[in-house]
1. Suppose accessible area is computed on protein heavy atoms with a 1.4 Å probe; arrange Trp342, Trp476, Trp501 from highest to lowest.
2. Principal axis extents for the stretch 98-137, Cα atoms only, whole Å, descending order, please.
3. Solvent-accessible area per residue for the stretch 112-216 at a 1.4 Å probe radius, Å²?
4. With a Förster radius of 30 Å, plug the Cβ-Cβ distance of Arg388 and Glu333 into 1/(1 + (r/R0)^6) and report the FRET value to the nearest 0.05.
5. Which three lengths, in whole Å and largest first, does the stretch 103-253 cover when its Cα atoms are put on their principal axes?
6. For Arg388, what charge total do you get from the other residues with a beta carbon under 13 Å from its beta carbon, if Lys and Arg give +1 and Asp and Glu give -1?
7. Report, as a whole number in µm² per second, the diffusion coefficient that Stokes-Einstein gives for the stretch 328-427 at 37 °C and 0.692 mPa s using the Kirkwood radius over alpha carbon pairs.
8. Compute the length gained on full extension between Thr217 and Gln187: take 0.36 nm times their separation in residues and subtract their Cα-Cα distance, giving the result in nm to one decimal.
Amino acid sequence: MAAASVAASSLRIPLARRKTTFPKSIPWRRFPPQSPISRIFCCVSTIPSSSSSSSLVSSPTVSEAELAGETDQIIRPVKWESFRKKKVVMRVGYVGTNYRAIEEELEAAIYKAGGIRDSNFGNLHKISWAKSSRTDKGVHSLATIISFKMEIPEHAWKDDPNGIALANHVNFFLPPDIRVFSILPAQGSFDPRKECHVRNYSYLLPVEVIGVNKFSTAAEIDYHIADFNHTLTTFEGQHPFHNYTARSKYRKKSMSSQRSHRKVYWSRPEESSSEVPASESECNATDNDSGSDGEDASIDELESISSYGAVKSSRDRSPVSTIRARWLHESEEADRLTSAHWRKIFRSCCGKLDQSLGKTYIDLSICGESFMLHQIRKMVGTAVAVKRNLLPRDILEMSLNKFSRIVLPLAPSETLLLRGNDFSMRNKSRNEKRPEMYTLLRSTKIMEAVDEFYISALLPQASKFLDPEDSPWREWMDNLDANTSIPESQLNEVRESWNAWNERVQNRLAEKVADHPKFEGRMQLR
């Protein structure tokens, strides 16, 4: 029988034949016959191979129906032949609750596809791996941007300006809940962390948490959502969010401490203990793939709150002896704030009711320049505590003052996701964007792939954690109700000091305006 093979490859990829055993460790996927990935990266044979197939790259057996073209073709990934090494930028999405080693999964998939040499595999520093943001363990993403130097095939982006074919070839080697949406050529000076100036997060919150139930009328639902939205908007603007993170992780270390950690700095520069400007990155936040949840705090921390709201004092486990709120009347060198504690929030609000898999929830949108470790989860936890009347409403303004030290609750991570971001060239106008970043963030085809992954993979997984009577919410709300209240004496001390400080600032502002009318309205209270 004459062999008729169909192979489409402009990339110098070796051909393979059918009907030999295929390794079980490599994933399988089906694509329509006319899909770009089948035309560019993979080879498909229409008849079984002869005895010479043993000398070729192995491929799976197929049924008679598939050989006759009655079903979608089964496409086997083929490792591409490297043409040269080039810096690329990649957009990635993943379901965070399933993994603690996202980067390891991505590195292995790119290596199997042919994008990393054997000599560089296992050491991301050799390929200049850098990403736009870092998230708490368990957080999902639709917009993680990663740049690195990849071994690319010849004519890698021919007839594929959106970089989808390269991405789909890597996706062959990834589980279905990790997805590469696009891989595009990047300029050598591109730095995803430093050029990312907007990060947009969503937090899916069961409506029962804010007081809505199945018996609530439309008017009651509107009231609860409007009231909660009013609470969330308090976070908008530029404030010190030191009470919404582990402050020790953002404190400038002494020179001796920096010298003692110099070897660590050079081995993992993204985890340097020195101060990083707040405008440049999400400083020292814990990776989804780091294997650590970042709950550790220094001894000068008042205490830390677990992900379900239970108290974990670093000195005394007894809630009675714990100081939960205080005011710094004098500066303390060991607890001094830096510019890294100040963050700018552009938007903090909630939308209307929505449903997924029978669960009713509201989508909180929190958009800012950058965020610290646990910041969004503590913002949500504090807003929920205020809505449930566990904390007074003025706790929000007091907690955003640089002299206050207040212990605040931490919301679960299972329904938090990075939805989008934006980039601009350093030392340039915010309107100047790199062409590859514009494509990566605005392309219709890429956004369709992002939406499909959200609907088919991410939202169904996140919806499993939207039952208020199940984990994590039942335990979290029980602990929140039991452990969040702050002694009235401590609250009054902070409130009186805050009012006195606010009065002094207002008086200074009035004097400034009287002397220089043009300064009116320029000062903002912190």
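1. Correct descending sequence by accessible area is Trp342, Trp501, Trp476.
2. 31, 21, 13
3. 32
4. Calculated value: 0.20.
5. Taking max minus min along each principal axis of the Cα atoms, the stretch 103-253 gives 61, 44, 25 Å.
6. Within the 13 Å Cβ shell, the charges total -2.
7. 205
8. Residue separation times 0.36 nm, minus the Cα-Cα distance, leaves 5.3 nm.
The values are calculated or read from the model by the stated rules, or taken from the named source; none is laboratory data. Keep in mind that this is a model prediction, so the values were computed, not measured. Neighbour counts run over all protein chains shown; Cβ positions are idealised from the backbone, glycine included. These area figures cover heavy atoms from the full protein model, side chains too; ligands, DNA and RNA do not enter into them. Shrake-Rupley method; radii C 1.70, N 1.55, O 1.52, S 1.80 Å.
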